[in-house]
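J.: Please find one structure pasted underneath; my questions will follow.
Just so it is clear, none of the values below were taken in a lab; they were calculated from the coordinates. Predicted model only: the values in this text are computed from it and were never measured. Backbone-built Cβ (ideal geometry, glycine too); neighbour counts: all protein chains shown.
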């Protein structure tokens, strides 16, 4: 076995060990950057490279070579051409080339009963045409637009996977990414159907309708979260948005019941679940401890020691390293913060080193700091 193949196998094994609940040879380093950061780092125009995906082969190759993560370090979730074909209101490219998510409200409060009665029909017939202008047309034209957008999505996804696979083989990296994406029922309604403002009003005025709607869309969210070939190694990503903005009583009654059912439903189908806990989830740690074993919990904020003590024996912990220090600190200062985090979270296993969030703009994190931290953790965090 040549050296590159040996490295690939070693990296694959440490991730397998993590997901199987075993102590790996060392802590995996799964730090990633958004594709927008990678484009800027590679010297390409941000808009041009997102419209011409062929340019991303060089971008993915360069950051895979330079950043010293154990994984291909690029994340790309949005393809602007697809959204343009659909006439999207929910995802639009800003003047600087970053895709933004404006607040949208595609359902009126008095329409909850329609959503509850037949969520799939309501989403297809009412929500999608209100979010995507080009779907607000005749059946023939809608079908053509949808087919074109879907083809762009599939072709773009295949390209990105091909570029990532080539980089992984070339530099001996693992490909750690999501195999499926879903949302907590409450978040799905808040993000894409009612909007943040509408949902905040609804939980005060008609909380019973919110609860019924969450139950109604739950089967759709479970179905979306099950990959074609379920496995603990094929991870389903669930970004969690609303709980930090909710009162604990509203979280208990409206968010938690269907979210817990969602995660349990995925676990029953042998799905590996990755939660991204945005903002501050510290008051909800005891709730999280009720979820099935083996979930990966990516924390943006929190007390590492408390998280380790409450959740570290049952779950995989990742995140918590603040990219703010990568923006302002020296390499030495950044390494010192990494050492402190590793010393708390690594003992006993169940820890993947990662940042608290994805750097998106080049100014978010100095490349030399990312490299210094990744290199340090790989050498220091050995069992």
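J.: Whole Å is fine, so just give me how far the alpha carbon centre of segment 109-151 lies from that of segment 305-331.
T.: That distance is 40 Å.
J.: Could you check the simple spin-label distance between residue 66 and residue 133, using points 7 Å along Cα→Cβ, in nm with one decimal?
T.: According to this spin-label approximation, the distance is 3.7 nm.
J.: Ranked highest first by the average count of other Cβ atoms within 10 Å around their residues, in what order do 41-51, 251-261 fall?
T.: For the peptides 41-51, 251-261, the packing ranking is 251-261, 41-51.
J.: Report, in deg cm²/dmol and to the nearest 500, the calculated mean residue ellipticity at 222 nm for the chain, where each DSSP H run with n ≥ 4 adds -39500 (n - 2.57) and the sum is divided by the residue count.
T.: Helix-only estimate at 222 nm: -14500 deg cm²/dmol.
J.: Between residue 283 and residue 47, 0.36 nm times their residue separation minus their Cα-Cα distance comes to what?
T.: 81.0 nm
J.: Further question on the same structure: What's the FRET efficiency of residue 110 with residue 270 using the Cβ-Cβ distance as r and R₀ = 35 Å, to the nearest 0.05?
T.: 0.30
J.: Something else: Taking R0 as 41 Å, what's the FRET efficiency between residue 368 and residue 117 from their Cβ-Cβ distance, rounded to 0.05?
T.: It comes to 0.15.
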